[in-house]
Structures are given as C-alpha cells and as structure tokens.
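Q: Below you will find the structure I want to go over with you.
The values are calculated or read from the model by the stated rules, or taken from the named source; none is laboratory data. Keep in mind that this is a model prediction, so the values were computed, not measured. All Cβ positions, glycine included, derive from the backbone under ideal geometry; neighbour counts span all protein chains shown.
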Amino acid sequence: MEHVDRCVVLVDAGYLLGAAASLLAGEPARSRITVDHAALVQQLRERAEADTQQPLLRIYWFDGAPDRVPQPEHRRLRVMPRVTVRLGALTRSDGRWAQKGVDAAMHTELTELSRNRACSDIVLVTGDGDLLPGLMSAKEHGVAVHLWAVQAADGDYNQSEDLVAEADERRVLDRVWITRAIRPRELTGPCAPPPAPRPEIAAILSAPLPESALAASAERAAATRHNGSAAPAAPAGTPDADRAPAAGPAAGAAVPAPASHKTVPTPKDLAALRASAPATAPHTHGATLRWSSDRGWIDRPAPPLGEPAETASLPTLAQLTSAEQRWADREEDITTVGGDPYEVGQVFARRWLDRLPEPGHVPKLATMYPRIPHRIDGELLRYAARFGLLAHKDDQIDEHDRYAIRAGFWREIDVHAAAQHAPGPEESRGTP
C-alpha cells in the first residue's frame, strides 16, 4: 500500500512557544508572550504545504495542562479546522512546571501515522531528542520527515543534534515569521513603562477604607496580641479573602462595636491602620465595598449607602440565558473572546444587558457603582475563571485582573446607559 500524498504537522507547543518567548522576551516563560492561535495555525498550514508540496491532512497540537484539563487556548485550538489537540499532564515540582506524557504522545502519533501510511510527509516542530526513535521509524516506513526549529535567541541550536542529523529536511522559523502571530507581552515593573491608565479601574480603586473596616482589622490585630497567635486567615481566592472595603460612614461618625467584640481596638491601633491605608479619592456614587460584595466581615451601612433593596431582585445572567444562548455563548467564548480581563468583563455585561427583560434594571444597578450585587459579581468571576484569569503565578489571585474584570463590566454598563439617554433625532432638533 502506497502512502497518501499529504502532510501532517506535529507541534510540541512547549518547544514552539517557549523558544518563541526566549527569542522575543529573553526568557522561555510563555506568560511573557501573547499568541494569536488562529493566525499561528494558518501560518503553520501554509508553510507546511509550501515546504512539502502536499495538501495538509491535520495539525496535531501537543501540550501540557494541569490534570489534563483543557485550558482556554486548548479549547480555542481544538475547534479549529484540521487541528487536533493532545494533552499531557502539567505538574509542578520545586516551583517549576513540567510536562509529563507529551513526548510519549508525540512518539506514538508519529509512529502510527507512518506505519498506517496516512501521509507522505511529516513536519516536526520540536527540539526534543526523545523523538529520535519515532523519527527513524517514520523514515523506515518511507515517510519524509521535515524538522522545523524556532530561531534561537543566542544564534545557536535549540534542538537535539541527533534530530537535526536524522531529519530529511530542516527549516528555521525566524523572528519575522514568529512575530506574525506571537508578540512579547508588555511588562510592568521598574524597568518597563507603566501601563496606560484606565479611569474605570482608578475609580474603583479610589474608594476609601471605612472606619468599620479599620476597627475590624484593629480588633483582629489586638486579639492576636492577646491570644499570642493569629487567627487563621482565609486562603487567597476565597470569598472573604479577596474583598476590600470601599466607603463608609462620614468622617467623625461613631462606629458602633458589634456585640461579638471581645477585644476593643485601641486608638493607637486605629491610627496605625489608618496611616498604612493607601491614599484615596473622595467618596462618590454611594460606593460601599471596593470588592463589590454583599457579604464578609465588613459591617455594611444602612441605605442609602448600603445596597438598595430593589437591587436584590436583579436577575443573574444564568437566569436570563436559554439553553440555545448558552451554547452560542460557549461557541463565542472559544472562538472570538481573547481573554483579556477588561474584555471579559465587557462581554459578560453585554450579554446581561442584551437579555434584561426590563430596562429599568440598569438604573438600579448604576446606583450601586462601583459595587456589583453579590450574585452577579460571583457569576462574573466564575465566568472569568474559564479564561484562566484568576490564576496567577504561585497560585495566588491577581488583584489587578479582578479590578480590570469589574472595570470592563462597568464600562459596558456606562456605554449602554449613555446610549439609552442619548437624544433621538427629534429631541436633538428640539420641538417647535
């Protein structure tokens, strides 16, 4: 049986993206680059068909994922035409992530394709010498093996020399080719220019700490000194751990101590906490909690500073979404939503606004700025988690992402409210 005249591309994503990060950002961390996966897949297809002079059968994308659970990029890739995703495990040891099973999966696919004569040419995008036996087996079955490398940052090889020696053809994907789909991610820090300010995020960050929050924090500090040990803190990412207060009683107002207080904070405690609190802007919009939560250890003031009773009736997006819309939402998430935290907040708000049965809900919500009712806020963050936004290095919560998610939500609300109140043609001309 003769080989079918077509080509297959096997991509080791860890090699391709790690080498691209080294080339463009100076280190192999994939967090240092942004990838347009649709453009990258198209480039791989066009380059493979040009190099092999054969039509493409399929691109196999091999990568690692925690517990082999597809990440957002994998979900986007696997619905693309002619792309198959194969996942190995991603484990953490000594503070570093390592792939398990990716090489074995690539070796299996390589040998099966050649043994079954499924193609005439195989393109390998990898640098791992462990694939040498599979490469040699493919050659013995009459398959032409093309080995592609990513241009090395230091100008040297970033591939096994044995692979290079055994391949039938070798090509280098240079910086020009790489940067058509992969870009270095903008950095923040002392050596990088500061990111462009977003007024929406600044407004959410500007709400001051209330006296009740200072009193509660001082109480815990005093209790720690009294008991000799700190009370267990809520882990990062739990409902109470990631909420911060935003506004409270007016200056000089008395703060009643809850009945459960066992240790009264001293004036020195309050003064120290107040001095350590960041400088903030004046209170606006009746904001009460910076983290948009209805619950937690902060005592919320009564209306009008607290949540109006009518906002408790606001429907969640899940309540407004039919089964057909849910399917369409997932399709959009996979294919078109990039995953930027600000964008994610906007997409969520846009869907919620489009499905509201009563336009009167929007003014109710606007009175809560910058808070978001707890049920809707929790749903928003769970939606953002689909894109991997809440997981940060060392498995901690990325605080700036949370602000950006909510700022994107409020931005879309503002745009919608402005459109509702824009004068129509007759109003703009005035009545005679």
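Q: Tally time: how many residues in region 134-182 are closer than 28 Å to residue 114 by Cα, out of contact with any Ser or Thr (no Cβ under 7 Å at 6 or more places or on another chain) and assigned to a helix (DSSP H, G or I)?
A: 10
Q: Residue pairs, Cβ under 7 Å, 6 or more apart or interchain, first in region 75-103 and closer than 23 Å to residue 127 by Cβ, second β-branched (Val, Ile, Thr). List them.
A: Going by the 7 Å Cβ cut-off, the qualifying pairs are 77/83; 77/85; 83/41; 83/59; 88/102; 98/91; 100/91.
Q: I'd like the full set of residues that are over 30 Å from residue 70 (Cβ atoms) and charged (D, E, K, R), limited to region 351-389.
A: Of everything in region 351-389, those that are over 30 Å from residue 70 (Cβ atoms) and charged (D, E, K, R) turn out to be 358, 364, 371.
Q: Checking residue 368 against (1) at pLDDT below 80; (2) loosely packed, with under 11 Cβ neighbours inside 10 Å; (3) outside any helix (DSSP H, G or I): exactly one of these is not met. Which one?
A: Unmet for residue 368, out of (1) at pLDDT below 80; (2) loosely packed, with under 11 Cβ neighbours inside 10 Å; (3) outside any helix (DSSP H, G or I): (2).
Q: In region 80-96, how many residues are among the hydrophobic types (A, V, I, L, M, F, W, C) and under 12 Å from residue 61 (Cα atoms)?
A: First, pick out the residues of region 80-96 that are among the hydrophobic types (A, V, I, L, M, F, W, C): 80, 83, 85, 87, 89-90.
From what is left, the residues that are under 12 Å from residue 61 (Cα atoms) are 80, 83, 85, 87.
Number satisfying all stated conditions: 4.
Q: Considering only residues that are under 14 Å from residue 344 (Cβ atoms) and part of a loop (DSSP other than H, G, I, E, B), look in region 373-388 and name the one that is modelled with the lowest pLDDT.
A: Once the filter is applied, the top-ranked residue is 388.
Q: Just checking, does region 346-355 include any residue being aliphatic (A, V, I, L, M), more than 19 Å from residue 75 (Cα to Cα) and modelled with pLDDT under 75?
A: Taking every residue of region 346-355 in turn, none turns out to be aliphatic (A, V, I, L, M), more than 19 Å from residue 75 (Cα to Cα) and modelled with pLDDT under 75.
Q: Can I ask one more? I'd like to know if region 335-356 contains one or more residues that are assigned to a loop (DSSP other than H, G, I, E, B), closer than 16 Å to residue 419 by Cα and either out of contact with any Leu (no Cβ under 8 Å at 6 or more places or on another chain) or in contact (Cβ under 8 Å) with a residue 24 or more places away in the chain (or both). Give the steps one after another, and end with the answer.
A: Residues of region 335-356 assigned to a loop (DSSP other than H, G, I, E, B): 336-340, 356.
Next cut, closer than 16 Å to residue 419 by Cα only: 356.
Filter again for either out of contact with any Leu (no Cβ under 8 Å at 6 or more places or on another chain) or in contact (Cβ under 8 Å) with a residue 24 or more places away in the chain (or both), leaving 356.
Yes, region 335-356 contains at least one residue that is assigned to a loop (DSSP other than H, G, I, E, B), closer than 16 Å to residue 419 by Cα and either out of contact with any Leu (no Cβ under 8 Å at 6 or more places or on another chain) or in contact (Cβ under 8 Å) with a residue 24 or more places away in the chain (or both).
Q: Identify all residues within region 142-182 that are without any contact (Cβ under 8 Å) to a residue 40 or more places away in the chain, more than 36 Å from the chain's Cα centre (by Cα) and under 24 Å from residue 58 (Cβ atoms); write none if there are none.
A: Result: 145, 166, 168.
Q: Would you pick out the residues in region 145-169 that are loosely packed, with under 15 Cβ neighbours inside 10 Å and charged (D, E, K, R)? I'd like the intermediate steps shown before the answer.
A: Looking only at region 145-169, we keep the residues that are loosely packed, with under 15 Cβ neighbours inside 10 Å, and these are 154-157, 161-162, 164-165, 168-169.
Within region 145-169, 154, 156, 161, 162, 168, 169 meet the criteria.
Q: Considering only residues that are charged (D, E, K, R) and farther than 29 Å from residue 142 by Cα, look in region 1-43 and name the one that is surrounded by the fewest Cβ atoms within 10 Å (Cβ to Cβ). Steps first, answer last, please.
A: First, pick out the residues of region 1-43 that are charged (D, E, K, R): 2, 5-6, 12, 27, 30, 32, 36.
Subsequent filtering for residues that are farther than 29 Å from residue 142 by Cα retains 27, 30, 32, 36.
Working: 27: 12, 30: 21, 32: 19, 36: 14.
Step by step, filter region 1-43, then rank; the result is 27.
Q: Just give me the residues in region 47-83 being part of a helix (DSSP H, G or I) and at pLDDT 95 or above, in sequence order.
A: Across region 47-83, the qualifying residues are 47, 48, 49, 50, 51, 52.
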